[in-house]
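Colleague: Quick one: the structure is below, questions incoming.
The values are calculated or read from the model by the stated rules, or taken from the named source; none is laboratory data. Not measured: the values here are computed from a predicted model. Because the Cβ atoms are built from the backbone with ideal geometry, glycine has one as well, and the counts that use them run over all protein chains shown.
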Amino acid sequence: MATGKRMPAGKKSTGSKKIRSETRKKKMPSDKARPTAGAPSAKDSGPVTSSPVKVSFPIVGIGASAGGLEALEAFFENLPEESGMAFVVITHTDPKHTSLLPDILKRKTKKAVDVKQIEDDMPVETNCVYLPPSDRDPFIGGETFHLRERPARDEVHMPVDLFFKSLSEARGERAGCVILSGTGSDGTYGLRAIKEKSGIVVVQEPASARHTGMPASAIDTGLADFVITPAEMAGRLIEYFKHPVEIKPLPDKQNKKESDSLKKIKALWTKSSALSVLPRR
């Protein structure tokens, strides 16, 4: 993590072969085709080129919660018009009220950057910012958005985790995730899915966040590639996806140690897994 801041050669023709029969001699045609008069030779036709392989453009999911508005504004104020990426903003919203965030981000982004509300079966396009309706959770399948109704309020709702997981499956190493200010740990599970598919993980520097819960939880996984301020993130993401092999985040001592809370979770998980295989009396 960086702070402050991937024919065997064929056999030669044996030429013409003569097949003898009892009644006549038959000569098989040569393996080498004779060029037709006036037809261009292989030398004249120029070099043979293969069709270019289509590379999917990167999609970056951005998770934020309490105190995330200020961070989002700083992020998109520094986003150029031609980033070559698509951005999907996932926040904790009240499903009974229409979010004002789309209008706020429209004022903060460059004019050429479209801010859109996600609709079911909407295709994903570059240089666009997407936000879901307040009462829906977005998913990505291939190049298309899909929406699902949010669960009841009494259920644990982790919209950032849900979207990051679908993004990792849809984009693989061309996926990125950003964790901004917020309470709790939403996004921590999802960033693991992104990293398992060789995507990039960027986390807000806790010192610049109003609420450090989500950034701290993400950093504690030891999987963050960059821990930087929101103003630095857009430029770093663009640089990374243009030269993913050349940029190698430096190791950080902070990521070498797991937090006590993460160790406790692992211990409880191991214990519960062991108990589940014991025979019942």
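Colleague: Could you tell me which of the residues Lys111, Lys116 is among the charged types (D, E, K, R) and not in a strand (DSSP E or B)?
Modeller: Lys111
Colleague: On to the next question. One residue is enough: does segment 136-148 have a residue meeting the conditions of a type outside the set (Phe, Trp, Tyr) and either over 26 Å from Phe57 (Cβ atoms) or assigned to a helix (DSSP H, G or I) (or both)?
Modeller: Scanning segment 136-148 turns up no residue that is of a type outside the set (Phe, Trp, Tyr) and either over 26 Å from Phe57 (Cβ atoms) or assigned to a helix (DSSP H, G or I) (or both).
Colleague: Whether any residue in segment 142-158 is among the small types (Gly, Ala, Ser) and within 22 Å of Asn78 (Cβ to Cβ) is what I want to check.
Modeller: no
Colleague: List pairs: first in segment 237-248 and closer than 13 Å to Val201 by Cβ, second among the small types (Gly, Ala, Ser) and at pLDDT 60 or above, Cβ under 8 Å, 6+ apart or cross-chain?
Modeller: Listed by first residue and then by second, the contacts come to Leu237/Ser83; Leu237/Gly176; Tyr240/Gly176.
Colleague: Also, I was wondering about something else. Inspect all residues belonging to segment 74-87 and state whether any of them is surrounded by 17 or more Cβ atoms within 10 Å (Cβ to Cβ), among the small types (Gly, Ala, Ser) and over 19 Å from the mean Cα position of the chain (by Cα).
Modeller: Scanning segment 74-87, I find at least one residue that is surrounded by 17 or more Cβ atoms within 10 Å (Cβ to Cβ), among the small types (Gly, Ala, Ser) and over 19 Å from the mean Cα position of the chain (by Cα), so the answer is yes.
Colleague: Could you list, in sequence order, all residues of segment 166-184 that are crowded, with 20+ Cβ neighbours inside 10 Å and closer than 14 Å to Ala64 by Cβ?
Modeller: Matches in segment 166-184: Cys177, Val178, Ile179, Leu180, Ser181, Gly182.
Colleague: A further question follows. Out of Gly67, Gly141, Gly63, which single residue is at pLDDT below 95, surrounded by 15 or more Cβ atoms within 10 Å (Cβ to Cβ) and not polar (S, T, N, Q)?
Modeller: So the residue among Gly67, Gly141, Gly63 that is at pLDDT below 95, surrounded by 15 or more Cβ atoms within 10 Å (Cβ to Cβ) and not polar (S, T, N, Q) is Gly67.
Colleague: Applying the selection to segment 196-215, what residues are surrounded by 18 or more Cβ atoms within 10 Å (Cβ to Cβ) and either at pLDDT below 95 or closer than 18 Å to Phe164 by Cβ (or both)?
Modeller: Gly199, Ile200, Val201, Val202, Val203, Gln204, Gly213, Met214, Pro215
Colleague: Across segment 31-60, what is the number of residues that are surrounded by fewer than 16 Cβ atoms within 10 Å (Cβ to Cβ) and at pLDDT 50 or above?
Modeller: Number of matching residues: 3.
Colleague: Here's a follow-up. Within segment 89-101, how many residues are surrounded by fewer than 20 Cβ atoms within 10 Å (Cβ to Cβ) and under 22 Å from the mean Cα position of the chain (by Cα)?
Modeller: Matching residues across segment 89-101 total 1.
Colleague: Sticking with this one: Can you report the number of residues in segment 154-181 which are within 14 Å of Gly61 (Cβ to Cβ) and part of a loop (DSSP other than H, G, I, E, B)?
Modeller: Total satisfying the criteria: 2.
Colleague: Could you tell me which residue of segment 221-245 is farthest from Ser56 (Cα to Cα), considering only residues that are in a helix (DSSP H, G or I) and of a type in the set (A, V, I, L, M)?
Modeller: Taking the candidates together, the pick is Ala231.
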